[in-house]
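Colleague: Okay, handing you the structure first.
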Amino acid sequence: MALTQAGYLPRALVVEAAERYDWYLPGMVPRTEHDVARLVELHELARTARLLAKRHRKLSLTTRGRRYLTDPALLQATAAQAWFGDGVRAEFAEAAAAALLGGEYTLDDLTSAVHVLATEAFTHADGSTPQPDDTRHVLWQWLRPGEALGFLSYRDRRRSTIALTPTGRAAALTALRARAHAPRSTPWA
């Protein structure tokens, strides 16, 4: 697929995706991929998982991407692991997923639940403990792609009550299982 001169997805694809998946405000037409947050999240996850490669002004499936398209279980596992990410984000994702496996949460309640981990396990460079806004910021790095992948749903328009979808539940369990079996060099890495 040919990208724009600036290296973005073509406008026709952006408009089609926004319309097909109802990812944009009714009556509005996006101009670039950055106008459609879910598309940006999916594009980034696919590139991070090395399913897509950009060379010059062309975006194409990698060998890995073509192989994964023929194996839905492998693609699902890869999506789940990419959703969790690594490092601090993955640790927050573990806590958030564990909480959501027990039921739905408001954003404030989920932030509070995850913040317990943050205050016990992390400090800033200056030695201070993270604040709830710090926790919410890292949590959003997990929530946004989770929504784009269809792993999370919001019960009302204000997006205040978050729940795992059935696919999200399976993805969360897959990612948690993979992280539990992965080698660790430190207690929280």
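The values are calculated or read from the model by the stated rules, or taken from the named source; none is laboratory data. Because the structure is predicted, anything quoted here is derived from the model rather than measured. Because the Cβ atoms are built from the backbone with ideal geometry, glycine has one as well, and the counts that use them run over all protein chains shown. Heavy atoms of the whole protein, side chains included, go into the accessibility calculation; ligands, DNA and RNA do not. Shrake-Rupley method; radii C 1.70, N 1.55, O 1.52, S 1.80 Å.
Colleague: Suppose R0 equals 45 Å; then what is the FRET efficiency for residue 128 and residue 69 from their Cβ-Cβ distance, rounded to the nearest 0.05?
Modeller: Once the sixth-power term is evaluated, E becomes 0.45.
Colleague: Residue-wise, which Karplus ³J(HN,Hα) couplings in Hz belong to region 34-49, taking 6.51 cos²θ - 1.76 cosθ + 1.60, θ = phi - 60°, and x for glycine or proline?
Modeller: Values per residue, Gly and Pro as x: 6, 7, 10, 4, 5, 5, 4, 4, 5, 4, 5, 4, 5, 6, 4, 7 Hz.
Colleague: For the chain, what does the accessible surface come to per residue with a 1.4 Å probe? Please give it in Å².
Modeller: With the other protein chains kept in place, the chain gives 60 Å² per residue.
Colleague: Could I ask something else about it? Taking the Cβ-Cβ separation of residue 25 and residue 161 as r and a Förster radius of 25 Å, what is the calculated FRET efficiency to the nearest 0.05?
Modeller: Working: r = 21 Å, r/R0 = 0.85.
Here the calculated transfer efficiency is 0.70.
Colleague: May I ask you to evaluate 6.51 cos²θ - 1.76 cosθ + 1.60, the Karplus curve with θ = phi - 60°, for each residue of region 51-58 and list the ³J(HN,Hα) values in order in whole Hz, giving x for glycine and proline?
Modeller: After applying 6.51 cos²θ - 1.76 cosθ + 1.60, I find 8, 10, 10, 10, 9, 6, 10, 10 Hz.
Colleague: At a 1.4 Å probe radius, carbon and sulfur cover how many percent of the accessible area of the chain?
Modeller: Details: 6110 of 11290 Å².
Result for the chain: 54 percent of the exposed heavy-atom area is carbon or sulfur.
Colleague: Considering the Cα trace of the chain, what is its radius of gyration and what is Dmax, both in angstroms?
Modeller: 17.7, 51
Colleague: May I pose another question? Would you calculate, for the chain, the mean residue ellipticity at 222 nm contributed by helices, counting each DSSP H stretch of 4 or more residues as -39,500 (n - 2.57) and dividing by all residues, to the nearest 500?
Modeller: -17500 deg cm²/dmol
Colleague: Here's a follow-up. Considering the chain as a Gaussian network with a 10 Å cut-off on Cα pairs, which listed residue, 144, 47, 31, attains the greatest mean-square fluctuation?
Modeller: 31
Colleague: Of 122, 138, 110, which is farthest on the positive side of the dipole of region 101-144, counting Cα position, with +1 on Lys and Arg Cβ, -1 on Asp and Glu Cβ, and the Cα centre as origin?
Modeller: 138
Colleague: If you don't mind, another one. Rounding to the nearest 10 and keeping the result within 0 to 90°, find how far the Cα-based axis of helix 107-121 lies from the longest principal axis of the chain.
Modeller: Once rounded, the angle reads 60 degrees.
Colleague: Now, a different point. How high is the relative contact order of the chain, in percent, with contacts defined as C-alpha pairs under 8 Å that are six or more residues apart?
Modeller: Once divided by the residue count of the chain, the mean separation gives 19 percent.
Colleague: Considering only DSSP states other than H, G, I, E and B, which trypsin sites (Lys or Arg not before Pro) in region 69-171 qualify as loop sites with at most 13 other Cβ atoms within 10 Å? Let's see the in-between values first.
Modeller: Working: sites: 89, 136, 155, 157, 158, 159, 169; in loops: 155, 157, 158, 159.
Answer in residue order: 155, 157, 158.
Colleague: Here is a follow-up. Just grab the label-to-label distance for residue 109 and residue 180, each label 7 Å out from Cα along the Cβ direction, in nm (one decimal).
Modeller: Rounded to a tenth, the inter-label distance reads 2.4 nm.
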